[in-house]
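Please treat every number below as a calculation from the coordinates, not as lab data. The model shown is predicted, which means the values in this text are computed figures rather than measured ones. Virtual Cβ from ideal backbone geometry, glycine too; neighbours counted across all protein chains shown.
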Amino acid sequence: MEPLIITCAPVGGEIMPDQTPHLPVTPEQLGQTAAAIREAGASMVHVHCRNDDGTNTHDVERFRAAFAAIRAQSDLIVQFSTGGAIGMTPQERSSILQLRPEMATLTCGSVNFGDDIFENSFPIMRGILARMREYDVKPELEIFDKGHLANARRLASEGVLTLPQHADFVLGVPGGLEATVQNLCELVDDLPAGCTWSVAGIGRQQLPLAMVAIAMGGHVRVGLEDNLYYSKGRLARNEELVARVVRIAQEAGRVVATPDQAREILGLRKLAVA
Ligand code: KMH
Ligand code: ZN
């Protein structure tokens with residue numbers, strides 16, 4: 001099997017600082033988190049940004065500072081969110097692509113998101129993809145629901161998305177596909193040929209789905225964006241969630257990828273040495 005790529009999503013757009021003391025809010029905190037999760041065994045960081053008061057922002061300068069802080073303290077693959085937070089405009093969500101992160105997410109369709117709607121119409125997806133092409137950013141296909149892979153194929157048939165790509169199955173969002181092993185297997189069966197994949201289980205499903213992905217030859221995303229707890233009632237630190245996946249992979253005989261090994265698996269260029 002390929003070495004295991006562990007992505008950490010340390011912030012997200014939903015968890016607020018009053019829910020946990022472990023949420024990295026400032027660029028400096030994101031840089032420190034990057035160092036800690038790299039040390040623990042992550043090879044990629046999925047980035048959202050916050051203002052100092054914890055509210056969400058997709059301000060380009062805030063992302064620039066976060067990118068610099070992460071890069072100063074780690075060689076992780078830096079993946080920006082173009083999902084942002086509910087209520088952001090498509091323009092806001094995609095403006096950060098001008099900073100040319102190595103990767104960025106592309107959610108492949110609209111989905112109920114709790115009581116809200118996470119809107120990703122075809123025009124929104126085409127617009128984000130156009131900016132990804134403009135700035136040479138590799139997409140990660142965020143799959144929250146079964147039909148999202150069909151949407152990716154449709155975008156490919158239009159010529160605005162090339163396949164294969166890396167897909168991340170985000171399972172267990174209220175309103176999206178439930179976080180079951182059967183759903184994961186069906187998505188993997190439905191993947192376009194040559195795609196790599198990871199799974200991000202929401203809440204308490206993060207750990208069991210990570211274990212399944214390790215066994216299946218897929219990759220894993222963990223982090224506070226998707227799951228606040230290490231165990232029942234015990235708040236997690238991002239690096240602890242990464243370290244636990246590393247230990248399980250080692251027990252299962254699965255090698256954990258370095259960032260450069262992950263770049264090779266994902267078809268990214270090696271990090272240029274400054
Ligand atoms: N915060 C969600 C509305 C992504 O990062 O690309 C969207 C999200 C997906 O987190
Ligand atoms: Zn995200």
Exercise for review: Among the residues of segment 182-199, write down those that are in a loop (DSSP other than H, G, I, E, B) and among the small types (Gly, Ala, Ser).
Suggested key: ALA193, GLY194
Review point. Of all residues in segment 246-263, which are part of a helix (DSSP H, G or I) and over 20 Å from the mean Cα position of the chain (by Cα)?
Key: ARG247, ILE248, GLN250, GLU251
Exercise for review: Kindly establish whether ARG62 is in contact (Cβ under 8 Å) with a residue 24 or more places away in the chain, farther than 22 Å from LEU266 by Cβ, within 16 Å of ligand 1 (Cβ to nearest atom) and surrounded by 21 or more Cβ atoms within 10 Å (Cβ to Cβ).
Suggested key: no
Review point. Take the residues of segment 17-57 that are β-branched (Val, Ile, Thr) and free of Cβ contacts under 8 Å to residues at least 60 places away in the same chain: which is nearest to ligand 1 (Cβ to nearest atom)?
Key: VAL47
Review point. Across segment 87-96, which residue is nearest to ASN56 (Cα to Cα) among those that are surrounded by 14 or more Cβ atoms within 10 Å (Cβ to Cβ) and within 12 Å of ligand 1 (Cβ to nearest atom)?
Key: MET88
Practice item. Could you please find all residues in segment 138-154 being assigned to a loop (DSSP other than H, G, I, E, B) and surrounded by fewer than 24 Cβ atoms within 10 Å (Cβ to Cβ)? Key: ASP145, LYS146
Check your understanding: Restricting segment 94-118 to residues that are of a type in the set (Ser, Thr, Tyr) and part of a helix (DSSP H, G or I), which is nearest to ligand 2 (Cβ to nearest atom)?
Key -> SER94
Study note, to complete from the structure: Going through (1) over 16 Å from the mean Cα position of the chain (by Cα); (2) more than 23 Å from GLN32 (Cα to Cα); (3) charged (D, E, K, R) one by one, ASP168 fails only at (1)
**Study point:** Test: VAL45 is within 16 Å of ligand 2 (Cβ to nearest atom) and not in a loop (DSSP other than H, G, I, E, B)
**Key:** yes
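Does GLN91 count as closer than 29 Å to ARG244 by Cβ and not in a loop (DSSP other than H, G, I, E, B)?
So GLN91 fails the test.
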Practice item. Kindly indicate whether LEU266 is within 21 Å of the chain's Cα centre (by Cα), farther than 13 Å from ILE5 by Cα and of a type in the set (A, V, I, L, M, F, W, C). Key: no
**Study point:** Residue that is of a type in the set (Val, Ile, Thr) and out of contact with any helix residue (DSSP H, G or I) (no Cβ under 8 Å at 6 or more places or on another chain), where the choices are VAL181, VAL173, VAL188
**Key:** VAL173
